[in-house]
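Worksheet: one structure, shown below.
The values are calculated or read from the model by the stated rules, or taken from the named source; none is laboratory data. Bear in mind the structure is a predicted one, so any value in this text is a computation, not a measurement. Cβ: placed from backbone, ideal geometry, glycine included. Neighbour counts: every protein chain shown. All accessible areas refer to the heavy atoms of the entire protein, side chains included, with ligands and DNA or RNA removed. Shrake-Rupley method; radii C 1.70, N 1.55, O 1.52, S 1.80 Å.
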Amino acid sequence: MDVSVEISLYPLNNEYIPPIQDFIDRVNDAEGLTVKTNVMSTQVFGNYEKVMSCLTAQMKETFEKHGKNVFVMKVFPGDLDLDH
């Protein structure tokens, strides 16, 4: 089953850009996923297990590396990527 996820990261510190960019870079490195980023969120498209496994690992790493952060995520069934 495919899934579409929209996720936003809100670091709870003054240096908010480095944790956001680090998270985006790590998600972009994932194999087999389509990742699109805009000024408000990142969209991730692909197989449910791959997407959720990737996001779980990268959220955990963000918490471990960058401390207190808030993630807001919307999960939709199916691939809503309009570009393919």
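Here are a few things to note about the model shown:
- A search for C-beta distances below 7 Å between a residue of the stretch 1-24 that is more than 18 Å from residue 67 (Cβ to Cβ) and modelled with pLDDT of 95 or more and any residue that is assigned to a loop (DSSP other than H, G, I, E, B) and open to solvent by 20 Å² or more (accessible area, probe 1.4 Å), counting only pairs 6+ apart in sequence or on different chains, returns 2/78; 2/79; 4/78; 4/79; 4/80.
- In the stretch 28-77, the residues that are at pLDDT below 95 and of a type in the set (Gly, Ala, Ser): 67
- Looking across the stretch 48-84, the residues that are more than 22 Å from residue 13 (Cα to Cα), surrounded by 13 or more Cβ atoms within 10 Å (Cβ to Cβ), touching a residue at least 24 places away in the same chain (Cβ under 8 Å) and not acidic (Asp, Glu) come down to 48, 51, 52, 54, 75, 76, 80.
- Test: residue 27 is among the aliphatic types (A, V, I, L, M), open to solvent by less than 90 Å² (accessible area, probe 1.4 Å) and over 10 Å from the mean Cα position of the chain (by Cα): no
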